[in-house]
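These notes are about the structure you will find just below.
The values are calculated or read from the model by the stated rules, or taken from the named source; none is laboratory data. Since the structure is predicted, the reported quantities are computational estimates derived from the model, not experimental observations. Glycine gets a Cβ as well: all are built from the backbone with ideal geometry, and neighbour counts include every protein chain shown. Calculation scope for accessible area: heavy atoms of the full protein, side chains included, ligands and nucleic acids excluded. Shrake-Rupley method; radii C 1.70, N 1.55, O 1.52, S 1.80 Å.
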Amino acid sequence: MEAWIGLMSGTSMDGIDAVLVSFQNSTVKIHASHTTPYPDQIRHRLLAASQNQAEPDELGELDTLVGTLFSEAAQEVIKKSGFDPARIRGIGSHGQTIRHQPSGKAPFSIQIGNPSLLAESTGISTIADFRRRDMAAGGQGAPLVPAFHKAFFSSDSENRCILNLGGIANITWLPATPDLPATGFDTGPANALMDAWCLDQTGLPFDSDGHWAKEGSVSQELLDDMLSDAYFSKVPPKSTGKERFNLDWVRTLVSRHPGVPAEDIQRTLLQLTVTSVVNQLPATADLRVYVCGGGARNPLLMEELGKALPDARISLTSELGVDPQVVEPVAFAWLAKQALEGKPGNLPDVTGAVGPRILGAIYPA
């Protein structure tokens, strides 16, 4: 049985998730998983770089440092799995997004994490740079996981919505009717703003289990101001990131509402995630939502999502056979498989590309 490694670090920039998986028909078998946290110094440098605060030398150095950490994560997951590296067909590395600007006169998306280091250190062919081919074909280059969702999570008996609550939230709509296309897009922030505000105000990288947010209450005026951002009413295809939703965005809005306590702002940011997601879900009486991503571990976020969707059935992707914390790295392992087999990895109805494309650059072993 051949296996694949998937490596992912999202907009939360908290660390690298690695999985070693095999695929058979429409099933996924996870043989091992591992998370390599970013050292605090590296995380701070990455956050600064994502806000255009990095010179070329800094970006080059980070590319090497992040590539080394990705390599360590890959080697650790191999060790945990006990797999013979010779049986591992390829590594799919998303890399670390530094900047994603899919619109404008010269659209671009930058991921760092030198894939040559991965291929060299592991002796395994590595596939990276998945987003830019879709963008070259007129697409947003994101989100890319809906193609994996469609391949492994679709059902002919129920309409399914896959909700990923990472740094950014995105949804994939999988209709049971076979002649309807799968669709998806980024709805807006999920953990990114809550993490940024928590770090700024408490020094902690995230609000564990939403405890701090529980101490506050929603400021409706501030929430309404946040929801007035034009992104939320933009028609798909659309994707976003920290280029738009960042700490400066929060500070600008907070400055218009003086006197709101810090914990109330945290609670309002959590509600922003819930409301912006719910407002953009498909209008259907039969809503089945499967949640994945770091936000699935936030009890308050999940509780509020349930309150906002009282008629929906909400559960985790573990019910579909994939742990909610590893859906994205598994997806990039599958995208690597698609690339090496010469098969497309994008969904044009999601990204807006002119057609299906084989994604990723291949760095041979």
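Before moving on, here are some points about what is shown:
- Extension reserve of the L59-T177 stretch, reckoned as 0.36 nm per residue once the Cα distance is removed: 37.9 nm
- Antiparallel DSSP beta bridges within the chain, percent to nearest 5: 65 percent
- Among K238, K337, K150, K79, the sequence by solvent-accessible area, most first, with a 1.4 Å probe is K79, K150, K337, K238.
- Accessible surface of region 313-365, 1.4 Å probe, proportion on carbon and sulfur as whole %: 52 percent
- Sorted peptide list for 1-14, 98-111, criterion being average Cβ within 10 angstrom, highest first: 1-14, 98-111
- Its DSSP H runs of at least 4 residues, each contributing -39,500 (n - 2.57), put the calculated 222 nm mean residue ellipticity of the chain at -11500 deg cm²/dmol, to the nearest 500.
- Tilt relative to the chain, helix 40-50 - C-alpha long axis, 0 to 90 degrees, to 10: 80 degrees
- Helix 262-279 vs. the chain, principal-axis angle (Cα, 0 to 90°, nearest 10): 70 degrees
- In the full protein context, region 194-248 carries 49 Å² of accessible surface per residue, based on a 1.4 Å probe and ignoring ligands, DNA and RNA.
- Taking the DSSP bridge list for region 1-114 and keeping only pairs wholly inside it, about 75 percent are antiparallel.
- Candidates S315, S255, S50: whichever shows maximal mean-square fluctuation once the chain is modelled as a Gaussian network with Cα springs under 10 Å: S255
- Solvent-accessible area per residue, Å², over region 83-186 with all protein chains present [probe radius 1.4 Å]: 36 Å²
- Number of Lys-Lys pairs in the chain with C-alpha atoms under 27 Å apart and a separation of 8 or more places or on different chains: 22.
- Pairwise Cα inverse-distance average, inverted: Kirkwood Rh of region 137-287 (Å): 16.5 Å
- Computed over the Cα atoms of region 90-201, the ratio of the radius of gyration to the Kirkwood radius (Rg/Rh) comes to 1.03.
- Within the set [x] 1.25; [y] 0.95; [z] 1.12, the number that Rg/Rh (Cα atoms, Kirkwood Rh) takes when calculated for this structure is listed as [y].
- Each residue of region 354-360 was assigned a 3J(HN,Hα) from its phi angle through the Karplus curve 6.51 cos²θ - 1.76 cosθ + 1.60 (θ = phi - 60°); the sequence is 6, x, x, 9, 6, 9, x Hz, with glycine and proline shown as x.
- Here's the picture: a label point sits 7 Å out from the Cα of R256 along the beta-carbon direction, and within region 214-232 the residues with their amide nitrogen under 14 Å of it are 220-232.
- Each peptide in 62-68, 161-167 gets a packing score, the mean of other Cβ atoms within 10 Å over its residues, and the list from highest to lowest is 161-167, 62-68.
- Length available on full extension from K29 to I358: 0.36 nm per residue minus the Cα-Cα distance, which gives 116.1 nm.
- Extended-chain gain in nm, criterion 0.36 nm per residue less alpha-carbon gap, M1 and D209: 71.0 nm
- Carbon plus sulfur fraction of accessible area for region 175-276, probe 1.4 Å, in percent: 54 percent
- Spin-label model distance (nm) - H44 vs Q201, 7 Å beyond Cα toward Cβ: 2.2 nm
- Rounded Å value of the spacing that divides the Cα centres of region 106-129 and region 51-87: 9 Å
- Each label point was placed 7 Å from the Cα along the Cα-to-Cβ direction; for K234 and A86 their separation is 5.0 nm.
- Carbon plus sulfur fraction of accessible area for region 16-87, probe 1.4 Å, in percent: 46 percent
- Burial ranking of peptide ranges 286-295, 240-249 (average Cβ count within 10 Å, highest at the top): 286-295, 240-249
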